[in-house]
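See below for the structure under consideration.
The values are calculated or read from the model by the stated rules, or taken from the named source; none is laboratory data. Note that the structure is a prediction, hence the values are computed from the model and not measured. Cβ atoms come from the backbone with ideal geometry, glycine included; neighbour counts cover every protein chain shown. These area figures cover heavy atoms from the full protein model, side chains too; ligands, DNA and RNA do not enter into them. Shrake-Rupley method; radii C 1.70, N 1.55, O 1.52, S 1.80 Å.
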Amino acid sequence: MKATVIVTPKPSVLDPQGVAVRDALRHHDLPGVASVRIGKYMEIESDGDISEEKLHELCRDFLSNPVIEDYRIEIETPAP
Amino acid sequence: MKCAVVRFPGSNCDQDCYHVLRDVFGVETDYVWHKDTSVAGYDLIVLPGGFSYGDYLRCGAIARTSPVMRSVLAAAADGKLIIGICNGFQVLCEARLLPGALIRNRSLHFICEHRWLRVENADTPFTSACQPGQLLRIPVAHGEGNYRADPETLAEMKANRQIVLRYCDAEGQIRESAHPHGSLEKIAGICNRAGNVFGLMPHPERACDELLGSVDGNMIFQSLLLPASAGAV
């Protein structure tokens, strides 16, 4: 199975990297760019299945820090 | 008093801490490797600064899963004294021994300079040698010292006097310009609710000798190691 985990800074948390990239985009003749948020994209491949519940546990406890980050999970199972 | 300095792969302030504890204060001190499974028998556990596991995933996130940390959690629950300096502070937050999290400095710069700190709570085992409101000049060296916590957590920390050190200017005033990290409430160091776990971004171990430009870091170690001389119990 393959799972993708996307971790993003919480909307309430300042993202200094995102602000720097937003400002740089504005310098690319894009004055309308309002916001950029920078997160992480993780691809997890496993020979055995990892339950969705286990993935959420991993995301909450390790792959993201719930104080500052949100996450979402996309699970891909190969066609039978 | 017996001290442990925990070494993670990528710790780089471990020898400084060891030197201060053993050579400056003459206290029995051992290194403990991150794969060791016990810190039993130590009264003070130091999580030193550095870049454990290359700061991969998040600063301190992987170190928190090291075998030794299970024993550090048990020691914390047992009331043993634990101090996390810089990356060690980040590890303590990731381990949920301290509230909140540390993110990239607002300026995006790695800040490496002496900073003024104001002692907000002198009633902790880590600051008992200080006067309330005392100013300390101690270097910082970090890219991710921007302390964050949600409003409820912050209110709880204030109610419990968990904010121990804040960044200020040379006059002790807490102003925006004294503060390129962006840290919430200008927080430089906090303790847990029980008061036995302390994390701070500045490096007291780099301010323990006149040669280094400041001896103010000694106040932290003096509080921990010589409580009698500080007038504490």
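Quick notes on this structure:
- Flag if residue B:117 is surrounded by 16 or more Cβ atoms within 10 Å (Cβ to Cβ), assigned to a strand (DSSP E or B) and within 12 Å of another protein chain (Cβ to nearest Cβ): no
- Any chance residue B:102 is surrounded by 15 or more Cβ atoms within 10 Å (Cβ to Cβ), touching a residue at least 12 places away in the same chain (Cβ under 8 Å), within 22 Å of residue A:65 (Cα to Cα) and within 18 Å of the chain's Cα centre (by Cα): yes
- Helices (runs of 4 or more DSSP H) lying entirely in segment B:1-103 (those with 2 or more residues that are within 19 Å of residue B:188 (Cα to Cα) and not charged (D, E, K, R)): B:87-94
- For segment B:145-166, the count of residues that are surrounded by fewer than 24 Cβ atoms within 10 Å (Cβ to Cβ), touching a Gly at 6+ places or on another chain (Cβ under 7 Å) and part of a loop (DSSP other than H, G, I, E, B) is at least one.
- Inter-residue pairs, beta-carbon under 7 Å, first free of Cβ contacts under 8 Å to residues at least 12 places away in the same chain and in segment B:197-222, second in a loop (DSSP other than H, G, I, E, B), 6+ apart: B:215/B:207; B:215/B:208
- Among residues of segment B:167-199, those that are open to solvent by 10 Å² or more (accessible area, probe 1.4 Å), within 26 Å of residue B:97 (Cα to Cα) and not in a loop (DSSP other than H, G, I, E, B), counted: 3
- Those residues of segment B:12-61 which are of a type in the set (Val, Ile, Thr) and surrounded by 15 or more Cβ atoms within 10 Å (Cβ to Cβ), in sequence order: B:20, B:24, B:27, B:29, B:32, B:39, B:45, B:46
- Qualifying residue in segment A:63-78 (condition: over 28 Å from residue B:92 (Cα atoms), open to solvent by 50 Å² or more (accessible area, probe 1.4 Å) and without any contact (Cβ under 8 Å) to a residue 40 or more places away in the chain): no
- Screening residue B:77 against (1) within 14 Å of another protein chain (Cβ to nearest Cβ); (2) surrounded by fewer than 18 Cβ atoms within 10 Å (Cβ to Cβ) leaves a single unmet condition, (1).
- Qualifying residues in segment B:140-166 (those that are within 14 Å of chain A (Cβ to nearest Cβ) and of a type in the set (Gly, Ala, Ser)) - the one farthest from residue B:51 (Cα to Cα): B:149
- Residue within segment B:59-67 that is under 22 Å from residue B:21 (Cβ atoms) and away from chain A (no Cβ under 14 Å) present: no
- Unmet requirement for residue B:210, which otherwise passes all of (1) modelled with pLDDT of 90 or more; (2) open to solvent by less than 10 Å² (accessible area, probe 1.4 Å): (2)
- In segment A:45-79, residue farthest from residue A:4 (Cα to Cα) [restricted to those that are in contact with a helix residue (DSSP H, G or I) (Cβ under 8 Å, 6 or more places away or on another chain) and part of a strand (DSSP E or B)]: A:71
- Screening the candidates B:72, B:68, B:39, B:6 for the property of being touching a Pro at 6+ places or on another chain (Cβ under 9 Å) and under 16 Å from residue B:88 (Cβ atoms) yields one hit, B:6.
- Those residues of segment B:25-58 which are without any contact (Cβ under 8 Å) to a residue 12 or more places away in the chain and within 14 Å of chain A (Cβ to nearest Cβ), in sequence order: B:56, B:57
- Single residue of segment A:29-46 satisfying the filter (closer than 19 Å to residue B:57 by Cα and among the charged types (D, E, K, R)) that is farthest from the other protein chains (Cβ to nearest Cβ): A:45
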